[in-house]
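Written out below as structure tokens is the structure these notes cover.
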Amino acid sequence: MNDELDAAIDQAAAVIAASRHVVALVGAGMSAESGIPTFRGKEGIWTKHGEPDLRDYDRFREDPKGWWEQRMKPSPAMNELAAALAEAVPNEGHFALKEMEDRGSLQAIITQNIDNMHQIAGSTNIIEIHGNRTKLRCTVCSNRWPLDEFPIDELPPSCPDCGGIVKGDTVMFGEPIPREVLDECIEQTARCDCMLLIGTSAVVYPAAQFPVDVLRAGGALIEINPEDTPLSNVSQLVIRAGSGTALPMILERLKEKGDS
Ligand code: APR
């Protein structure tokens, strides 16, 4: 293993062990080693099929029934993503974050991913800023249900609690982040003195704002990404490796340090 990576892993473990409130900001790169394509970069879903339209959510609101009918006939981009998501299992990086949480070295995960991998890996304090593909959500009261526990016998489905229109929990382009989720992200960011930037290109807001807020409050950023991002040059530490490699190594160093 190369000395530069080894030194960066050592420093990252030292910063994490010395921090009070560590939050992981996770992006699609975290699940790349689970076979789920990222969005940007050379093999990215948006790179290949183009980004979705920012008016998607407006179209949904104008014609929710039509949106549901179309959801039954997904686009090539969504088909490719859905096929990868259906096959995916958590990788060593997901399990390392779960164990860091168990050991008190990680207090929360803010994930931009909708793939449910952190739940399957056993993490508990997970904030899904872009929703979860395995759930439905009421657009009025924000109640959520697992997909397989909500009988869809009318289009669009309506909320049994408030009558609101129900859609997939995944946040669409142009859709506001549900208020209670955004508030949780802001609260975690305010308490955070060390943010791990794992597998995110850090170009999509509001998620990309959280590391800036941590920096402004004097906190540390540790980037884990094989490529450069707009936050690389303001991160205290940059680990140029895949998260499936780097996170288990950081966990091992934390165990050696006996943090708990
Ligand atoms: N380990 C860590 N990082 C990786 C790995 C890996 N094995 N493989 C790729 N990456 C990095 C890439 O270098 C890139 O910086 O993961 C990042 C993925 O960036 P994006 O594809 O832009 O994904 P993300 O940052 O999650 O996008 C944010 O954009 O379209 C929306 O809703 C979508 O949640 C997504 C949001």
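Here, each number is a calculation from the coordinates, and none is a lab measurement. Everything quoted here is computed from the prediction, not taken from an experiment. Note that each Cβ is placed from the backbone with ideal geometry, even for glycine, and that neighbours are counted across all protein chains shown.
Residues in the stretch 203-229, backbone N under 16 Å from the label point at ARG20 (7 Å along the Cα-to-beta-carbon vector): list them, ranges by number please. The answer is 214-220. Computed extension gain for GLU80 through ASP3, at 0.36 nm per residue and net of the alpha carbon distance, reaches 23.9 nm. Spatially close Lys pairs in the chain, defined by Cα atoms under 28 Å apart and a spacing of eight or more places or different chains, total 13. Volume of the convex hull of the stretch 173-248 (Cα atoms only), normalised per residue: 105 Å³.
Based on Cα atoms of the stretch 43-103, Rg over Rh with Rh as the Kirkwood radius reads 1.15. Can you work out the PRE-style zone for GLU252? Point 7 Å along Cα to Cβ, and I want the residues of the stretch 63-102 with backbone N under 18 Å. Residues 91-100 fall inside that zone. Distance between the 7 Å Cα→Cβ label points at ARG103 and ASP53: 4.9 nm. If you line up the long axis of helix 243-257 against the longest principal axis of the chain, both from Cα atoms, how many degrees apart are they, to the nearest 10? Between the helix axis and the principal axis of the chain, the angle is about 50 degrees. For the pair GLU87 and ILE120, the difference between a 0.36 nm per residue extended length and the Cα-Cα distance amounts to 10.6 nm.
Packing around the peptides 20-33, 47-60, taken as the average count of other Cβ atoms within 10 Å per residue, puts them in this order, highest first: 20-33, 47-60. Convex hull volume of the C-alpha atoms in the stretch 115-205, normalised per residue: 127 Å³.
Any idea how far the Cα center of the stretch 13-36 sits from the one of the stretch 159-188, in Å? Taking the Cα centre of each part, the stretch 13-36 and the stretch 159-188 sit 24 Å apart. Per the Debye formula on identical point scatterers at the alpha carbon atoms of the chain, with no solvent, log10 I(q)/I(0) at q = 0.11, 0.14, 0.15, 0.18 Å⁻¹ is -0.61, -0.96, -1.09, -1.47.
Label positions at GLU180 and ASP63, each projected 7 Å from the Cα along the C-beta direction, are separated by 3.2 nm.
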